[in-house]
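Written below as structure tokens is the structure these notes are about.
Please treat every number below as a calculation from the coordinates, not as lab data. Everything numeric in this text was worked out from a predicted model, so none of it was measured. Neighbour counts are summed over all protein chains in view; Cβ atoms, including those assigned to glycine, are modelled from backbone coordinates with ideal geometry.
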Ligand code: C2E
Ligand code: CA
Ligand code: CA
């Protein structure tokens with residue numbers, strides 16, 4: 001059998017065992033009682049049988065005495081001899097009354113009867129009864145007269161030959177039996193049974209109205225057959241009882257009689273009934289108590305187990321659980337173990353979750369964590385108002401090389417902390433070694449850009465790490481959660497691409513530009529087309545004039561490449577310069593630009609405009625001596641001044657080789673200009689080593705001139721620093737009169753920007769230069 005609950009199982013088990021034990025005890029007690037009672041009854045029955053034998057013998061002797069006395073009486077014999085009926089009868093009657101008998105009569109040898117007393121019965125004497133009488137001796141025993149048993153004695157009357165018998169008989173009726181029953185110590189039933197036909201016995205006292213005697217007859221028969229005069233168990237119409245069957249002498253041998261003494265079992269067990277009842281009652285009460293008790297006990301045992309089971313289930317579902325143990329036993333200890341196990345699991349879980357959500361190095365939240373935050377923000381504010389930024393440490397390889405890996409981790413950690421200090425509305429995470437992510441809510445892209453610019457400024461404050469102060473410069477890429485998800489699914493990835501785009505265009509921050517990003521696959525195909533595009537003449541050179549602030553005249557131009565792609569149209573360099581650098585096409589492109597620039601310079605000279613021409617030289621090419629050979633050979637054929645614009649980052653990446661090549665350029669009379677000054681980690685030490693002639697202040701500083709005191713200060717000190725190193729200073733990105741005035745006031749040498757002129761094709765440039773004087777007057 002299976003149980004769903006332990007408590008049911010325990011209860012059923014206990015109750016079952018107890019009931020079994022109780023049953024066995026009751027059975028044993030009952031059979032002991034019955035056995036004992038039976039033994040007592042058997043003894044009593046045997047004793048009563050003996051008493052009855054005595055009474056029987058006594059009565060027989062009494063009857064014999066009386067009958068003998070009469071049979072020997074001379075007068076009586078004379079009356080018999082003379083057939084004096086009246087005398088005989090009176091003598092019989094006389095003695096019968098004196099002896100208190102039921103019947104006394106005289107039977108002649110001829111069968112004639114003279115009776116006294118219960119005379120009516122006598123005439124029904126069976127011939128067999130008469131046949132049993134002895135001629136010369138007294139006979140005694142049971143005689144059945146008219147269906148009723150009598151104890152009778154017959155004594156022959158000798159004159160001197162037998163002439164008849166004197167018979168004295170006492171009825172064996174119910175009254176007789178009663179007096180016999182009263183003699184016994186136990187209340188038994190006595191009855192005389194005689195055989196009416198073979199196998200059929202009849203209770204003489206009951207007469208014709210006797211109940212069914214068949215079963216009784218069977219007991220009598222078996223008792224007689226076994227011959228042992230000991231009590232037997234009987235079960236007949238009178239009920240279950242123990243009986244003793246005693247055969248009695250019978251005058252008529254064909255009608256034997258027995259005395260049956262019986263003691264009903266029910267009566268024998270009556271004194272014990274109370275005991276048995278009490279036993280059963282106690283048993284049931286005990287069973288009830290046991291069921292209640294073991295139920296309570298089992299509940300007590302199983303409740304903490306159930307509580308543990310429930311707790312284990314909840315633990316499995318990831319809840320934090322604790323079980324309260326009310327006891328001090330094994331279960332309590334188990335509960336304690338369980339609790340500490342659950343606590344450990346919880347701790348481990350939290351550790352794992354923390355590890356899954358944090359960067360091991362800095363313990364800042366990681367990308368996955370930021371993704372969750374973004375999802376939560378989107379839920380809360382709506383996708384349109386959520387923006388994601390990737391903030392990167394510029395030239396991180398250099399910074400890490402300078403301060404070491406461990407401090408770099410500290411640096412990132414400190415930057416992460418600054419995000420929190422800036423605003424706790426901005427969620428941050430570490431996205432890569434040198435990049436932090438930020439997610440925040442803003443009204444629109446403009447507000448988001450402003451926020452990220454301010455955040456970067458706040459983060460760029462000089463940092464104290466150990467005993468060093470570190471200056472960092474940051475760039476940021478921004479992406480709106482709602483836009484361009486079809487191009488790059490993850491906003492974090494879009495922001496990271498935005499960061500790359502910001503760096504490519506040398507801007508402090510840039511919003512992810514899907515057009516610029518293009519389709520990576522088609523961008524790749526662009527590269528395969530570059531070589532043929534150069535050969536097919538799809539490349540075009542634009543020039544942007546450089547304006548001398550003191551001479552108030554255009555003194556040079558910067559050559560800027562354009563790609564007129566047959567299918568994609570006019571492409572700006574930001575889209576393909578980076579890739580050309582990555583794929584190695586930059587060398588062929590630059591060689592073409594240099595060639596074209598020299599040709600254009602010649603065209604300018606031809607109209608009397610001798611202008612210096614600046615060409616951008618990618619950092620990559622500064623570690624390529626073969627390029628240097630080609631470039632030097634080309635420049636040798638130039639008519640005018642050629643200037644190479646290089647970024648200082650390019651120098652820092654492979655300083656020895658780069659500085660050597662720059663020295664070769666300088667040695668060949670090429671002017672060297674340091675481009676995009678201020679966007680990287682500027683180092684005076686490098687500036688000194690580069691044999692440069694010019695410093696170009698990056699346009700991001702120039703743009704900020706109008707509204708930032710700090711940037712104005714920076715530009716001014718840069719100009720002073722450059723001058724002290726013997727460098728001319730060019731400011732790029734001059735778009736406003738204010739900027740131009742400020743720069744002039746600061747002593748800046750040259751200006752370049754949309755205010756003066758946008759980059760333009762050579763034809764346009766030639767006409768621009770022709771009208772230069774007019775243009776120059778209008779500027780400043
Ligand atoms: P750069 O060397 O810093 O060039 C100046 C960029 O600033 C040019 O963008 C120019 O159009 C832009 N600019 C000039 N004045 C202003 C202004 O007042 N306001 C604004 N907003 N922008 C102004 P462009 O032509 O798109 O070139 C982008 C970059 O591509 C250049 O930055 C340069 O790094 C690179 N590049 C262009 N041509 C070449 C090339 O032939 N070789 C190499 N290696 N790089 C090139
Ligand atoms: Ca440039
Ligand atoms: Ca520049």
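Considering all C-alpha pairs of region 406-553, those separated by over 17 Å amount to 70%.
With the convex hull drawn over the C-alpha atoms of region 227-268, the volume per residue is 81 Å³. Remark: spin-label model distance residue 320-residue 83 equals 13.6 nm, labels positioned 7 Å along the Cα→Cβ axis.
If R₀ is 56 angstrom, what is the calculated FRET efficiency for the pair residue 737 and residue 379, using the beta carbon separation as r and rounding to 0.05?
0.70
Over 20 Å apart: what share of the alpha carbon pairs of region 2-70 falls there, rounded to a whole percent? Value for region 2-70: 66 percent of Cα pairs lie more than 20 Å apart. Modelled this way, with points 7 Å down the Cα-to-C-beta line, the labels at residue 226 and residue 591 are 13.9 nm from one another. In region 148-229, the inverse of the mean reciprocal separation of distinct Cα atoms equals 15.2 Å; this is its Kirkwood hydrodynamic radius. Relative contact order of the chain, taken over Cα pairs closer than 8 Å and 6 or more residues apart, is 7 percent. The fraction of all Cα pairs in region 367-473 landing in successive 5 Å bins from 0 to the largest distance is 2, 12, 23, 23, 17, 11, 6, 4, 1, given as whole percents.
If R0 equals 25 Å, the separation of the Cβ atoms of residue 632 and residue 583 corresponds to a calculated FRET efficiency of about 0.55. Using just its DSSP H runs of length 4 or more, each adding -39500 (n - 2.57), the chain gives a mean residue ellipticity at 222 nm of -17000 deg cm²/dmol after division by all residues. When the inverse distances between all different Cα atoms of the chain are averaged and flipped, the Kirkwood radius reads 39.6 angstrom.
Inter-label distance, residue 275 to residue 299: 3.9 nm, where each label sits 7 Å from its Cα along the C-beta direction.
Taking each residue as 0.36 nm, the span from residue 664 to residue 178 lengthens on full extension beyond its C-alpha to C-alpha distance by 159.0 nm. For region 431-510, the convex hull drawn through the C-alpha positions has a volume of 102 cubic angstrom per residue. If R0 is taken as 60 Å, the Cβ-Cβ distance between residue 450 and residue 292 corresponds to a FRET efficiency of 0.15. In region 559-644, the C-alpha radius of gyration followed by the widest Cα-Cα span (Dmax) gives 13.7, 39 angstrom. Here region 509-581 has an Rg and Dmax of 15.6, 49 Å, counting Cα atoms alone.
In region 200-352, the convex hull through the Cα atoms has an average projected area of 18.6 nm², a quarter of its surface area.
Packing-based ranking of 351-358, 241-248, 626-633 yields 241-248, 626-633, 351-358, ordered from highest to lowest mean Cβ neighbour count within 10 Å. Packing-based ranking of 251-262, 440-451 yields 251-262, 440-451, ordered from highest to lowest mean Cβ neighbour count within 10 Å.
The alpha-carbon positions of region 1-160 define a convex hull whose volume is 187 Å³ per residue. The stretch between residue 343 and residue 233 holds 31.9 nm of extra length on full extension. This uses 0.36 nm per residue minus the Cα-Cα distance.
If the segment from residue 134 to residue 417 were pulled out straight at 0.36 nm per residue, it would be longer than the present Cα-Cα gap by 87.4 nm.
Bin all alpha-carbon pair distances of region 656-767 at 5 Å intervals from 0 and give each bin's fraction as a whole percent. Percent of Cα pairs in each bin: 2, 11, 20, 21, 17, 13, 10, 4, 0.
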